[in-house]
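Visitor: Have a look at this one.
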Amino acid sequence: MDLIHAQQGEYLVVTVNAAHINASAVLEFDDSMNAIDESISKILLNFEQVEFIDSSGLGAVVSVMKHLGKGRQMDLCALTPTVENVFRLTRMEPIFSIYSTLEQAVSDQQATGQLIEQ
């Protein structure tokens, strides 16, 4: 699975460059995400190209979040309607911070950081 990494603000933005996160892609997704340097504390998983996620894909996303451990966070952005529906139906919304767009996530994170610094 092709994951594109780019630093934006405090986030390492990981864009999933695939239409599906399903059983056939889970191991590769898991391996790629778990290989992210442990010094990275804030990850933003960008779903703008993902049209479908099944239960194994959802499980992989949750597994990666748990693997990050304390002091690290993973937020989500740009969920397509089908993917957003899966997260809503499985009640994952309270577990992740979910942003409508990449820009909204980065802006919100910068605003939060500025409030904390003052």
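Visitor: Quick one: how many residues across segment 68-97 are in contact with a strand residue (DSSP E or B) (Cβ under 9 Å, 6 or more places away or on another chain) and not charged (D, E, K, R)?
Guide: Residues of segment 68-97 that are in contact with a strand residue (DSSP E or B) (Cβ under 9 Å, 6 or more places away or on another chain), as a first pass: 68, 72-80, 82-84, 86-87, 92, 96-97.
Imposing the further condition that a residue be not charged (D, E, K, R) reduces the set to 68, 73-74, 76-80, 82-83, 86-87, 92, 96-97.
Residues in segment 68-97 being in contact with a strand residue (DSSP E or B) (Cβ under 9 Å, 6 or more places away or on another chain) and not charged (D, E, K, R): 15 in total.
Visitor: Follow-up. Please pick out the residue among A111, A60, A105 that is without any contact (Cβ under 8 Å) to a residue 12 or more places away in the chain, aliphatic (A, V, I, L, M) and assigned to a helix (DSSP H, G or I).
Guide: Values: A60 fails: without any contact (Cβ under 8 Å) to a residue 12 or more places away in the chain; A105 fails: without any contact (Cβ under 8 Å) to a residue 12 or more places away in the chain.
Only one candidate qualifies: A111.
Visitor: Looking only at segment 73-109, which residues are closer than 15 Å to Y11 by Cα, of a type in the set (V, I, T) and surrounded by fewer than 14 Cβ atoms within 10 Å (Cβ to Cβ)?
Guide: Passing the criteria: only T101.
Visitor: Identify the single condition in (1) part of a loop (DSSP other than H, G, I, E, B); (2) crowded, with 17+ Cβ neighbours inside 10 Å that V14 does not satisfy, given that it satisfies every other one.
Guide: (1)
Visitor: Filter segment 63-91 down to the residues that are assigned to a helix (DSSP H, G or I) and not polar (S, T, N, Q) and list them by number. Please lay out each step first, then the result.
Guide: Restricting attention to segment 63-91, the residues satisfying the condition of being assigned to a helix (DSSP H, G or I) are 63-68, 81-89.
Across segment 63-91, the qualifying residues are V64, M65, K66, H67, L68, P81, V83, E84, V86, F87, R88, L89.
Visitor: Moving on. State yes or no: is S63 surrounded by 13 or more Cβ atoms within 10 Å (Cβ to Cβ), within 22 Å of P81 (Cβ to Cβ) and out of contact with any Leu (no Cβ under 7 Å at 6 or more places or on another chain)?
Guide: Against the criterion (surrounded by 13 or more Cβ atoms within 10 Å (Cβ to Cβ), within 22 Å of P81 (Cβ to Cβ) and out of contact with any Leu (no Cβ under 7 Å at 6 or more places or on another chain)), S63 does not qualify.
Visitor: Quick check on K70: is it surrounded by fewer than 19 Cβ atoms within 10 Å (Cβ to Cβ), among the charged types (D, E, K, R) and at pLDDT 90 or above?
Guide: no
Visitor: Please work out if D108 is of a type outside the set (A, V, I, L, M) and more than 16 Å from M1 (Cβ to Cβ).
Guide: Considered against the rule, which asks whether it is of a type outside the set (A, V, I, L, M) and more than 16 Å from M1 (Cβ to Cβ), D108 comes out as yes.
Visitor: While we're on this one: Checking P81 against (1) at pLDDT 95 or above; (2) within 20 Å of L3 (Cα to Cα), which test does it fail?
Guide: Among (1) at pLDDT 95 or above; (2) within 20 Å of L3 (Cα to Cα), P81 violates only (2).
Visitor: Could I ask something else about it? Inspect segment 38-52 for any residue being among the aromatic types (F, W, Y) and either touching an Asp or Glu at 6+ places or on another chain (Cβ under 9 Å) or surrounded by fewer than 15 Cβ atoms within 10 Å (Cβ to Cβ) (or both) and give the result as yes or no.
Guide: yes
The values are calculated or read from the model by the stated rules, or taken from the named source; none is laboratory data. Just so it is clear, the structure is predicted and the values come from calculations on it, not from any experiment. So basically every Cβ, Gly included, is an ideal-geometry build from the backbone, and we count neighbours across all protein chains shown.
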